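These notes concern the structure reproduced below.
Nothing in this text is a laboratory measurement; each read-out follows from the coordinates by a stated rule. Values in this document were obtained by computation on a predicted structure and should not be read as measured data. Counting neighbours? That spans all protein chains shown, and the Cβs are built from the backbone with ideal geometry, glycine included.
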Amino acid sequence: MDGFFLKIANMSISASWLILMVLVLRLLLKKAPKWINVLLWGLVGIRLICPFTFESNMSLVPSAETIPQEILQYEGTKLQEPAYLEIVTNPVLSDDIIVELAQTTDRMQIRVVDITFLWIIGMGVFLLYTIISYLRLCHRVSTAVRYKDNIFKSENVASPFVLGIIRPRIYLPFKVGEQELEHVIAHE
């Protein structure tokens, strides 16, 4: 599981570099046609979706593997024989305190495990939020009336939008005028 998290984390970091480059390019290409913006953000989308990467010596991204997998394979320092740590005698206590030292572990391994669980919890919270938001929106448009084909009008929506992936429907507020209607439908 931790290896999966490191792969996701590395992909996200490399995608962040690409997002940063797109933002800089957008500033430099302000007067460029709008399809170039769509193309640049399409590249970011592909990078976020595809689970593989192409590496090149001429790459602008510093490293495809920012967090190395070897972190998880580190076994710590093994002691040859038991070691003891004597703590300075406290005048209040009558005896010395001796602590036996065991095998050490890498702090980064512990952090990776902690961050993995934090990431899983965060993903669960966002998934739950998405499901609740979708169900609330479906409930809001459940009283919509069919205008024509897959176009519906509702008094519960403030602006036009499309809902659905397999059978998308266009939802419009009742207040949209007839002149604007064709433009809004063409846009959606």
ILE49/SER154 FRET efficiency (R0 30 Å; Cβ-Cβ; nearest 0.05): 0.40
Phi to ³J(HN,Hα) by Karplus 6.51 cos²θ - 1.76 cosθ + 1.60 over segment 113-125, Hz, x for Gly, Pro: 5, 4, 5, 4, 5, 5, 5, 5, 5, x, 4, x, 5
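First measure r as the distance between the Cβ atoms of LEU27 and THR143, then evaluate 1/(1 + (r/R0)^6) with R0 = 35 Å and state the FRET efficiency to the nearest 0.05.
The calculated FRET efficiency here is 0.20.
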